[in-house]
Amino acid sequence: MSNELKYLSERAARGLLNRRSFMGRAAALGATTTFASTMLASAVMAAGPVKGGTLRVGIQGGSSTDSLDPGLSTNATSLQILRMWGEPLLELAEDGGIDPRLASEYEASADAKTWTFKMRSGVTYSNGKSVTAEDVKATIERHAGEESKSGALGLLRGIVSMSTDGDRFILELDTPNADLPYLLADYHLVIQPNGGKDDPTAAIGSGPYILKSHEPGVRHVFEKNPNYWNDDLGHAETVELLVINDDTARVAALQSGQVHMVNRVPPKVASLVGRMGGVKVHSTPSAGHYVFIMHADTAPFDNKDLRLALKYAINREEMVDKILFGNGTAGNDSPINASYPLFSEREQRTYDPEKAAFHFKASGHDGSVLLRTSDNSFPGAPDAAQLFQQSAGAAGITLDIKREPNDGYWSEVWNKQPFCTSYWGGRPTQDAMFSTAYLSSADWNDTRFFNEGFDKMLLAARAELDEGKRKAIYSDMSTIVSDEGGLICPMFNNFIDAVSEGVEGWRTTKGFDLMNNYAPLKMWVTA
Amino acid sequence: MGPMFKLISQRIALGILLLLAVSILIFAGTEMLPGDLAESILGQSATPEALANIRAELGLNDPAFIRYFQWLGGLLQGDLGTALSNGQDIGPQIGKRLGNTLFLAATAAVIAVPLAIFLGLVAVRYRNRWPDKLISGATLASISLPEFFIGYVLIYFFAVKWRVFPSVATVYDSMSFLEKLNAIALPVIVLTLVVLAHMMRMTRAAILNVMQSAYIETAELKGLSAFKVIARHAFPNSISPIVNVVTINLAYLVVGVVVVEVIFVYPGMGQYLVDHVSKRDVPVVQACGLIFATVYVVLNLIADIVAILSNPRLRHPK
């Protein structure tokens with residue numbers, strides 16, 4: 001490598017030379033474009049984050065009805081807002097593990113029933129008050145209370161008692177749970193002064209930024225919290241979130257340089273966007289999946305052969321190609337994929353019209369099967385339903401498709417009608433995913449899956465601290481869901497984000513899109 | 001003044017009655033929507049306990065007519081109520097959004113209305129010759145294309161290719177007036193193109209209609225120039241149909257621009273209404289509906305009054 005090129009890349013990384021001039025000079029020195037840009041990228045990483053500047057994010061999901069109450073936050077925009085001003089006790093790490101945040105360390109008793117968290121010392125809220133263990137207790141109390149409207153309520157069942165001891169917060173559970181740290185890393189659970197009991201929408205927290213301007217569904221402006229304790233988060237001086245719900249408008253804003261990054265690039269255009277100059281598309285595998293769900297206790301889907309017939313009648317690879325445009329992976333009729341920490345491979349179920357026809361005949365079902373779908377059940381759901389109709393038709397199974405309105409789909413169709421399209425965003429652990437939707441007593445048991453053996457295995461795995469054993473139990477549970485359950489899971493979707501060349505510092509991260517929503521905090525503005 | 005005053009006050013009374021009827025319609029309509037607010041707030045993450053808690057707190061268990069009269073009572077005292085979804089007062093929120101919508105509509109109108117009338121006059125002056133055909137052809141083409149298509153084409157060229165105007169038209173308080181105008185340039189162009197044809201065609205038709213009259217022939221025989229005949233003699237007598245179509249288009253600029261707002265991410269009333277409809281935020285939907293209805297009724301009232309005033313037979317009754 002020529003010294004001149006190295007010198008130039010370092011200058012470019014420090015912002016003394018713009019990217020275009022660097023690429024030009026690199027070409028003059030005989031370097032290929034790919035080589036020069038790889039070199040620049042590593043030089044930028046090595047030079048470290050640049051502080052200051054204004055970082056603009058074009059983000060999908062916000063609406064003028066959004067509340068600042070962390071418990072009521074449901075969409076990508078309100079989650080991003082929480083990441084800016086608040087901090088949870090623990091956080092999902094980039095590799096899917098757990099990072100301590102407001103707790104500096106934590107430990108479990110040998111039976112995984114009692115958990116102790118030691119608070120990080122010297123951390124203050126944006127109003128100057130110190131963050132205490134009492135605040136943590138109050139926060140959990142608010143989210144888990146009987147009057148709670150929090151989206152995290154379902155995660156916080158089974159707490160027997162909470163107490164504080166100086167800078168320690170102690171939590172006791174009625175049954176052992178090795179995954180408790182993952183539950184406390186839930187995005188709703190940002191720590192607020194007195195748990196937010198006084199004013200849940202005050203947006204006062206200990207996060208890297210302070211909310212300066214808040215127009216729900218339009219624009220949110222944040223400025224750096226000068227007293228923030230962690231130097232690794234929050235490089236830009238100002239962060240602006242622009243809510244852009246229209247897909248084309250969001251991509252256009254990135255193209256025209258009005259924003260530095262956008263989330264949820266439509267899979268259809270992802271490869272086209274990637275070919276544009278000055279923009280980089282990141283397609284990150286996720287635990288999110290698109291599903292066809294049958295109520296396993298409702299006729300005709302209470303018949304195992306009919307369920308298997310439909311599972312063999314779907315062409316998973318074709319869906320990944322035509323619905324996700326390659327931005328995803330084939331599913332295996334279990335909600336679990338390689339994104340989960342304790343995942344193990346199982347034999348892949350494939351499209352097999354003969355087996356489908358065999359099971360369909362064995363089921364004794366006569367006539368067609370009604371499938372309900374809507375545009376908002378997942379992107380491309382009506383198209384996916386038609387692909388399913390064709391592949392099932394080849395096996396002699398007639399699917400009737402009923403298109404339902406977007407409006408009211410989640411209240412009138414999903415979890416009410418016996419066969420429909422839907423999606424799941426995934427959960428940080430297998431325990432959380434299974435207890436949310438596959439445990440007999442789960443509120444969102446949207447496949448009406450009642451299996452005693454499965455429930456017992458779930459509780460056993462939860463109390464098991466030996467990873468090898470847990471892994472084996474989880475694998476068996478996936479097999480049970482896949483063979484017995486009402487879930488047809490053809491594909492896991494990737495999160496597709498795009499960033500401009502004006503920012504650096506992207507790292508592949510598990511969790512949600514935009515680096516688990518840490519991209520605005522971990523990336524920095526270069527130009 | 002007597003009969004005219006009576007006519008005008010009749011119109012205003014009729015307008016108020018209409019608004020009351022509209023308020024009942026709006027209320028009934030929102031009641032008929034599927035699903036309820038509590039389910040929409042929590043979305044897919046609703047649990048039965050959380051749903052019950054939210055319903056009790058928001059008073060969703062009261063019967064519909066009681067909620068209607070409570071709302072109407074508050075309204076008459078100038079209180080639009082509290083948004084159910086985020087607990088904020090509706091008044092200030094709507095005020096801001098309405099201000100934005102009116103700003104966009106006014107800017108578009110300031111360009112579109114004079115332009116449409118001028119083009120209409122030119123078209124009449126050169127009727128059936130190439131300027132007339134060019135104007136008619138171009139405006140008809142722009143009204144025939146869906147507005148989102150025009151919007152995307154403009155974004156592609158003006159924002160992405162040439163970077164003249166921003167594609168995102170978000171405006172906020174700390175912007176200067178010129179910055180705001182720059183931000184809304186593209187939506188204003190789209191709206192102008194969309195409303196131009198209707199007004200221009202109506203101007204042309206109304207004036208052509210008057211041009212058949214005997215007094216126009218007299219004016220021509222007096223030796224006045226063709227444009228002067230149209231502007232001074234024909235135009236004043238065709239004001240009433242033109243004002244009608246202009247007000248309909250002004251109303252459209254205020255209430256019908258949801259698509260343009262979404263494409264250009266403009267924080268106006270349309271987007272605000274859509275957000276709250278999908279959350280079943282009934283008080284906000286009703287307030288928006290009523291404001292939209294008021295805009296229509298008031299603009300039509302103005303059109304009627306202008307028509308009355310511009311008609312000498314009504315101004316000087318025998």
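In chain A, helical runs assigned H by DSSP with n ≥ 4 each contribute -39500 (n - 2.57); averaged across all residues and rounded to the nearest 500, the mean residue ellipticity at 222 nm is -9500 deg cm²/dmol. Considering only A:Thr373, A:Ala185, A:Tyr351, the residue lying farthest towards the positive end of the dipole of the protein assembly as shown is A:Thr373, judged by Cα position with unit charges set on Cβ. Here the 3J(HN,Hα) profile of the stretch B:145-155, calculated from phi with Karplus coefficients 6.51, -1.76 and 1.60 at θ = phi - 60°, is 7, x, 5, 5, 5, 4, x, 5, 4, 5, 4 Hz, Gly and Pro shown as x. Relative contact order of the stretch A:289-493, taken over Cα pairs closer than 8 Å and 6 or more residues apart, is 38 percent. Here B:Ile189, A:Ile314 are placed in order of increasing Cβ neighbour count within 10 Å, fewest first, which gives B:Ile189, A:Ile314. Under the combined filter of DSSP loop state and at most 10 neighbouring Cβ atoms within 10 Å, the stretch B:153-257 retains these chymotrypsin sites (Phe, Trp or Tyr not before Pro): B:Trp162. Going by the alpha-carbon gyration tensor, a ≥ b ≥ c the square roots of its eigenvalues, is chain B rounded (a/c under 1.5) or, if a/c is not under 1.5, prolate (a/b greater than b/c) versus oblate? Taking the square roots of the gyration eigenvalues as a ≥ b ≥ c, chain B is oblate.
Using the Karplus relation 6.51 cos²θ - 1.76 cosθ + 1.60 with θ = phi - 60°, the per-residue 3J(HN,Hα) values for the stretch A:50-56 come to 8, 8, x, x, 10, 10, 10 Hz, with x marking Gly and Pro. Exposure proxy shown here: for B:Leu25, B:Leu250, B:Leu290, the number of other Cβ atoms within 10 Å sets the order, fewest to most, as B:Leu25, B:Leu290, B:Leu250.
The amide H of B:Gln88, built 1.01 Å from its N in the peptide plane, has B:Ala83 as neighbours under 5 Å, considering only residues 5 or more places off or on other chains. Pairs exceeding a 32 Å alpha-carbon distance, out of A:Lys304/A:Lys471; A:Lys471/B:Lys279; A:Lys113/A:Lys149; A:Lys402/B:Lys279; A:Lys149/A:Lys322: A:Lys471/B:Lys279; A:Lys149/A:Lys322. Checking every one of the chymotrypsin sites (Phe, Trp or Tyr not before Pro) in the stretch A:433-527 against DSSP loop status and a limit of 16 other Cβ atoms within 10 Å picks out A:Phe450.
With contacts taken as Cα pairs under 8 Å at a separation of at least 6 residues, chain A carries a relative contact order of 20 percent. Residues whose amide H lies under 5 Å from that of A:Ser213, counting only those 5 or more places away or on a different chain, are A:Val221; hydrogens are built 1.01 Å from N in the peptide plane.
Could you name the lysines whose alpha carbon sits less than 18 Å from that of A:Lys469, not counting residues in the same chain fewer than 8 places away? Within the straight-line cut-off, A:Lys469 pairs with A:Lys456. Annotation: lysines with alpha-carbon distance below 16 angstrom to A:Lys212 (same-chain offsets under eight excluded): A:Lys224.
Dividing the summed -39500 (n - 2.57) terms of all DSSP H runs of n ≥ 4 by the residue count of chain B sets its mean residue ellipticity at 222 nm at -23500 deg cm²/dmol. Within straight-line reach of A:Lys6, meaning a Cα separation under 24 Å, sit the following lysines at least 8 residues removed in sequence or on another chain: A:Lys51, A:Lys280. Tell me, what is the percent relative contact order of chain B, built from C-alpha pairs under 8 Å that lie six or more residues apart? Reported relative contact order: 27 percent.
Each value in this text was obtained by applying a stated rule to the coordinates, not by laboratory testing. All of these numbers come straight from a predicted model, not from anything done at the bench. Because the Cβ atoms are built from the backbone with ideal geometry, glycine has one as well, and the counts that use them run over all protein chains shown.
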